[in-house]
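The values are calculated or read from the model by the stated rules, or taken from the named source; none is laboratory data. All values reported here derive from a predicted model rather than from experimental measurement. No Cβ is skipped: glycine too gets one built from the backbone with ideal geometry, and neighbour counts run over all protein chains shown. These accessible areas exclude ligands, DNA and RNA; they are computed on the full protein's heavy atoms, side chains included. Shrake-Rupley method; radii C 1.70, N 1.55, O 1.52, S 1.80 Å.
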Amino acid sequence: MSRIGKKPIKLVNGVTYTYDKEAGVVTVKGPKGELTQEIDPSFKLVENEGELILDRPTEQKRHKAMHGLYRSLINNMFVGVSEGYQKKLELVGVGYKATAQNNVLELSLGYSHNIFLAIPAEISVNAETEKGKNPVVTLEGSDKQLIGQVAAKIKSLRPVEPYKGKGVRFVGEIVRRKAGKQAAK
């Protein structure tokens, strides 16, 4: 069996779920919002003593492959609507700036123009700039997949280059630096 797939999902107080077996749709509601996910209708959700277990119907290869994935997606929904997710991005570079207003993120990343990025309504964005430190963009929301997708889009606007380390990176991310031309001599 899948090691991840057979781990139980802890049910949290204040979070409810519904599973439509015909359509194969799991809906989770909590204090931070509501999330839905389609899964294969042949999978079963079994509630047992404050835990939720995902059972696969057969030992076919495709069912084995999807077992751990579906369990992780459903668990991420439970964590998202109860606690929420957060990602922090750091802008490293001279003159790099970030401001956020009404879910529009304005980035100054060393190009000839500023970049305006519309952030989905499900995510709240905050930009902080402290004197002497790099600007930090914080993304918060209940959908882990959507936050990761938006963070990857922001990172792709100015990838970290390996010589000086300039660019957009996650807070705490380690960048491997390369030696420049002087190291060859």
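Taking Cα atoms only, the orientation of helix 144-157 departs from the longest principal axis of the chain by about 20 degrees. Ligands, DNA and RNA left out, the 1.4 Å accessible surface of the range 61-185 is 51% carbon and sulfur atoms. Rounded to the nearest 10 degrees, the angle from helix 61-82 to the longest Cα principal axis of the chain is 70 degrees. Averaged per residue, the chain has 63 square angstrom of accessible surface, using a 1.4 angstrom probe with ligands and nucleic acids left out. Taking each DSSP H run with n ≥ 4 as -39500 (n - 2.57) and averaging over every residue of the chain yields -6500 deg cm²/dmol at 222 nm. Within straight-line reach of residue 7, meaning a Cα separation under 25 Å, sit the following lysines at least 8 residues removed in sequence or on another chain: 21, 29, 32, 44, 61, 64, 144. Per residue, the convex hull spanned by the alpha carbons of the chain comes to 177 Å³.
Based on Cβ point charges of +1 for Lys and Arg and -1 for Asp and Glu, what charge dipole magnitude is obtained for the range 79-185 about its Cα centre, in debye rounded to the nearest 20? Charge dipole of the range 79-185: 920 debye, to the nearest 20. Using Cβ point charges alone (K and R +1, D and E -1), the dipole size of the chain about the Cα centre works out to roughly 1420 debye.
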